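**Q** Below is a structure I'd like to ask you about.
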Amino acid sequence: MTVIPGGGQPNMQQLLQQAQKMQQDLARAQQELAATEVDGQAGGGLVKATVTGSGELRGLVIDPKAVDPEDTETLADLIVAAVQAANDNAQQLQQAKLGPLG
């Protein structure tokens, strides 16, 4: 059992205020993530994907050189790789922003 100096109870108001501040900090960090865009690319930049820090796909740029009507499978693989790279970058951003809050 922990002995509290003065023999009193923990200050519940103070604990509630700390919890509220943590919740507000988390909400603010999540809003910043949703507004921040990060990129990922594949094929040496032939395909570039842009996602928000929260992982929402916002853009996709495909260099015409990547488009081969005879080989759409490679293009699809490049798109998937670019989106995955962008999402990896978004996860790193989440970890950096949220840290112990997440």
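What follows draws every value from the coordinates through simple rules; no lab data is involved. All of these numbers come straight from a predicted model, not from anything done at the bench. Note: ideal-geometry Cβ built from the backbone for every residue, glycine included; neighbour counts use all protein chains shown.
**Q** Put +1 on the Cβ of each Lys and Arg and -1 on the Cβ of each Asp and Glu in the chain; which of L93, M22, L33 then has its Cα farthest toward the positive end of the dipole?
**A** Projecting each Cα onto the dipole axis, the largest value belongs to M22.
**Q** Here's a follow-up. Give, to the nearest whole percent, the P(r) tail of region 12-101 beyond 17 angstrom, counting all Cα pairs.
**A** Taking all Cα-Cα pairs of region 12-101, the fraction more than 17 Å apart is 56 percent.
**Q** Shifting gears a bit: Only Cα pairs within less than 10 Å get springs; with that Gaussian network setup on the chain, which residue of V67, V51, V80 has the largest fluctuation?
**A** Top of the fluctuation ranking is V67.
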